[in-house]
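Novice: My questions all concern the structure below.
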């Protein structure tokens, strides 16, 4: 049967898409974990990362240098992650901190984030134009580059995409669980005042958290650009909503939850495309969000729902 | 070592401290007594830079610290065992202890290992539970962890906020024994307590706070013996 023949392909694709959703979701969940705010501009930080990668790739193509993904992909990631990371830390410094540091309600930074989102989208539209940009992925990953994994024929690009996303998740996991910086981040997330009493510079940790989450979003921007090849200034909106769904599904504030939520969402979406109707892809994604909120508001791994009293 | 001079602290328009002066000398255990809302916790918060005084000064080892952020105050050598313990429940016991040594960033790993040993020697139970999450400990164990965590910073001055609160009487005695041991090893201690009888039992001097003012200041012995103080501030009839 036709459906069964393409199912493995679709599952692999769902996994790859899921790791990318997870990568973006990490940015939402890390910021929420530490500041209890939803950074609604995160999708646009992801979009800017995608544009930065596109800019570097376009410049390389214009320079007529020999392109090999072995060094080009790391370069695109580096530029996008640095740019997005700095942008995220800048948003925290100039759009959110002035509000929460003066004791604004939680709605303050949230509205500021919506404003930042609109600002970023329009800034990109005005400077880069409203038409879509094209990632010349074919020059990096020729269509003929495919590998057989367990009987499934997949493109090298999908393997790279998944590999990069998984490596970053692993890196973040090790950073948060095994290093002094990670302990400080967890301490601030759990009890900000007590963390300061332990000598943690709380503002610095918040800025670093924004940087890390935003850098992962920027990396996802490059991966999505390479895969879909077409990007525009509005791409952060739906990707951001999907990743936010993944973060809530996994349990917002929970890092492993964001990764799991991303994977589940990616797989469910690709199954929906296969078995239901591609047009219903988004409907199913948001149906999952609604069902999660109704039946398990803390998410799949939401044991660490923050103590609202302490905020 | 620590000197507060005419410290006034506001919360918005509320004057929580109305000119508090107190002194802690090197090597002492000093006890700060007072009922609810007397300003005990605010005094602690002011020393730690969690709130900044609107008048007066706080000096530690001869330098003003009242304008410094909390993380800078603790780096100067002041640690806190907070009210209600406030250990990091989602970190292991071992990780909690490492958080305590954070202020000594750059200290050789061997020193930190030595401090860990010292903490485990003082509280053998913590060694058994090193890999357990802090949140799974009993109240008494959490109090031990909170004390051990504060000691990991090698403080010269240890602030303790209500260390006996919520503990069974036998554990209270144990905690105060340990406070004496720590003091014997050279750490100066300022302890805030509602359980005045126990606290004065180990302290050299005591201050009594009421409505944001120090109303009595004397040696612990005198305070323990004075009838009117027992009635008014130590909750006896």
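The values are calculated or read from the model by the stated rules, or taken from the named source; none is laboratory data. Only a predicted model underlies this, so the values are computations on that prediction, with no experimental measurement involved. Neighbour counts run over all protein chains shown; Cβ positions are idealised from the backbone, glycine included.
Novice: If you scan the stretch B:215-225, which residues turn out to be surrounded by fewer than 21 Cβ atoms within 10 Å (Cβ to Cβ) and touching a strand residue (DSSP E or B) at 6+ places or on another chain (Cβ under 8 Å)?
Specialist: From the stretch B:215-225, those surrounded by fewer than 21 Cβ atoms within 10 Å (Cβ to Cβ) are B:215-222, B:224-225; that's our starting set.
Correct list: B:215, B:216, B:217, B:218, B:219, B:220.
Novice: So which residues in the stretch A:167-194 are more than 15 Å from residue A:254 (Cβ to Cβ), assigned to a helix (DSSP H, G or I), more than 8 Å from every other protein chain (Cβ to nearest Cβ) and out of contact with any helix residue (DSSP H, G or I) (no Cβ under 7 Å at 6 or more places or on another chain)?
Specialist: A:167, A:170, A:171, A:174, A:178
Novice: Also, quick follow-up: Take the residues of the stretch B:64-73 that are at the interface with chain A (Cβ under 10 Å from one of its Cβ atoms) and surrounded by fewer than 20 Cβ atoms within 10 Å (Cβ to Cβ): which is nearest to residue A:203 (Cα to Cα)? Give the steps one after another, and end with the answer.
Specialist: The first filter runs over the stretch B:64-73 and keeps only residues at the interface with chain A (Cβ under 10 Å from one of its Cβ atoms), leaving B:69-73.
Okay, now just the ones that are also surrounded by fewer than 20 Cβ atoms within 10 Å (Cβ to Cβ), so B:69, B:72.
On the way: B:69: 11, B:72: 13 Å.
Checking each candidate, the answer is B:69.
Novice: Looking at the stretch A:276-311 only, could you name the residues that are within 14 Å of chain B (Cβ to nearest Cβ) and either modelled with pLDDT of 75 or more or surrounded by 14 or more Cβ atoms within 10 Å (Cβ to Cβ) (or both)? Spell out how you get there, then give the answer.
Specialist: Of all residues in the stretch A:276-311, those within 14 Å of chain B (Cβ to nearest Cβ) come to A:301-307, A:309-310.
Within the stretch A:276-311, A:301, A:302, A:304, A:306 qualify.
Novice: Anything in the stretch B:1-14 that is assigned to a strand (DSSP E or B) and within 17 Å of the chain's Cα centre (by Cα)? List them, or say none. Please lay out each step first, then the result.
Specialist: First pass over the stretch B:1-14, keeping only residues assigned to a strand (DSSP E or B): B:2-11, B:14.
If the condition is that a residue be assigned to a strand (DSSP E or B) and within 17 Å of the chain's Cα centre (by Cα), then B:2, B:3, B:4 are the ones that fit.
Novice: Exactly one of these conditions fails for residue A:251: (1) in contact with a helix residue (DSSP H, G or I) (Cβ under 6 Å, 6 or more places away or on another chain); (2) surrounded by fewer than 24 Cβ atoms within 10 Å (Cβ to Cβ). Give me its number.
Specialist: Checking residue A:251 against (1) in contact with a helix residue (DSSP H, G or I) (Cβ under 6 Å, 6 or more places away or on another chain); (2) surrounded by fewer than 24 Cβ atoms within 10 Å (Cβ to Cβ), the one that fails is (2).
Novice: How many of the residues making up the stretch B:15-51 are in a loop (DSSP other than H, G, I, E, B), in contact with a helix residue (DSSP H, G or I) (Cβ under 7 Å, 6 or more places away or on another chain) and farther than 16 Å from residue B:215 by Cα? Steps first, please.
Specialist: Of the residues in the stretch B:15-51, the ones in a loop (DSSP other than H, G, I, E, B) are B:25-28, B:34-39, B:49-51.
Filter again for in contact with a helix residue (DSSP H, G or I) (Cβ under 7 Å, 6 or more places away or on another chain), leaving B:34, B:49-51.
Pick out the ones that are also farther than 16 Å from residue B:215 by Cα and you get B:49-51.
Going through the stretch B:15-51 one residue at a time, the tally reaches 3.
Novice: Between B:114, B:143, which is closer than 28 Å to residue B:1 by Cα, part of a helix (DSSP H, G or I) and out of contact with any helix residue (DSSP H, G or I) (no Cβ under 9 Å at 6 or more places or on another chain)?
Specialist: B:114
Novice: Tell me, please, whether a residue that is in the same structural domain as residue B:45 (by TED's automatic domain parsing), assigned to a helix (DSSP H, G or I) and modelled with pLDDT of 90 or more can be found in the stretch B:183-195.
Specialist: Of the stretch B:183-195, the ones in the same structural domain as residue B:45 (by TED's automatic domain parsing) are B:183-195.
Cutting the leftovers down to assigned to a helix (DSSP H, G or I) gives us B:183-184.
Among the residues that remain, those that are also modelled with pLDDT of 90 or more are: B:183-184.
So far as the stretch B:183-195 goes, yes, one or more of its residues are in the same structural domain as residue B:45 (by TED's automatic domain parsing), assigned to a helix (DSSP H, G or I) and modelled with pLDDT of 90 or more.
Novice: Could I ask something else about it? Can you tell me how many residues within the stretch B:74-98 are more than 9 Å from every other protein chain (Cβ to nearest Cβ), buried (at least 20 other Cβ atoms within 10 Å of the Cβ) and touching a strand residue (DSSP E or B) at 6+ places or on another chain (Cβ under 9 Å)?
Specialist: So the answer is 3.
Novice: Sticking with this structure for a sec: Please give the number of the condition residue A:219 fails out of (1) modelled with pLDDT of 95 or more; (2) buried (at least 24 other Cβ atoms within 10 Å of the Cβ); (3) within 14 Å of chain B (Cβ to nearest Cβ).
Specialist: The number of the failed condition is (3).
Novice: Might you check whether a residue that is in a helix (DSSP H, G or I), under 26 Å from residue A:71 (Cβ atoms), more than 13 Å from chain B (Cβ to nearest Cβ) and in contact with a strand residue (DSSP E or B) (Cβ under 7 Å, 6 or more places away or on another chain) occurs anywhere in the stretch A:151-158? Give the derivation first.
Specialist: Filtering the stretch A:151-158 down to residues in a helix (DSSP H, G or I) leaves A:156-158.
Still in the list and also under 26 Å from residue A:71 (Cβ atoms): A:156-158.
Keeping just the survivors that are more than 13 Å from chain B (Cβ to nearest Cβ) gives A:156-158.
After this cut, where a residue has to be in contact with a strand residue (DSSP E or B) (Cβ under 7 Å, 6 or more places away or on another chain) as well, the list is A:156.
Yes, that holds for at least one residue.
Novice: Do the conditions hold for residue B:147, that is, is it under 17 Å from the mean Cα position of the chain (by Cα), within 11 Å of chain A (Cβ to nearest Cβ) and touching a residue at least 40 places away in the same chain (Cβ under 8 Å)?
Specialist: Working: under 17 Å from the mean Cα position of the chain (by Cα): yes; within 11 Å of chain A (Cβ to nearest Cβ): no; touching a residue at least 40 places away in the same chain (Cβ under 8 Å): yes.
No; evaluated as a whole, the condition is false for this residue.
Novice: Still on this structure, please answer the following. Taking the condition of being surrounded by fewer than 18 Cβ atoms within 10 Å (Cβ to Cβ) and within 22 Å of residue A:198 (Cα to Cα), how many residues in the stretch B:179-203 meet it?
Specialist: Selection size over the stretch B:179-203: 2.
Novice: Just to verify a result, which residue in the stretch B:160-178, among those that are in contact with a helix residue (DSSP H, G or I) (Cβ under 6 Å, 6 or more places away or on another chain) and closer than 23 Å to residue B:23 by Cβ, is surrounded by the fewest Cβ atoms within 10 Å (Cβ to Cβ)?
Specialist: Taking the candidates together, the pick is B:176.
Novice: Quick check on the stretch B:108-142: of everything there that is within 25 Å of residue B:75 (Cβ to Cβ) and within 12 Å of another protein chain (Cβ to nearest Cβ), which residue is surrounded by the fewest Cβ atoms within 10 Å (Cβ to Cβ)?
Specialist: B:109
Novice: Are there any helices (runs of 4 or more DSSP H) wholly within the stretch A:1-117 with 3 or more residues that are under 15 Å from residue A:213 (Cβ atoms), and if so which? Let's see the steps before the verdict.
Specialist: On the way: elements: A:2-35, A:42-62, A:69-91, A:97-100.
Once the helices (runs of 4 or more DSSP H) in the stretch A:1-117 are filtered for at least 3 residues that are under 15 Å from residue A:213 (Cβ atoms), what remains is A:2-35, A:42-62, A:69-91.
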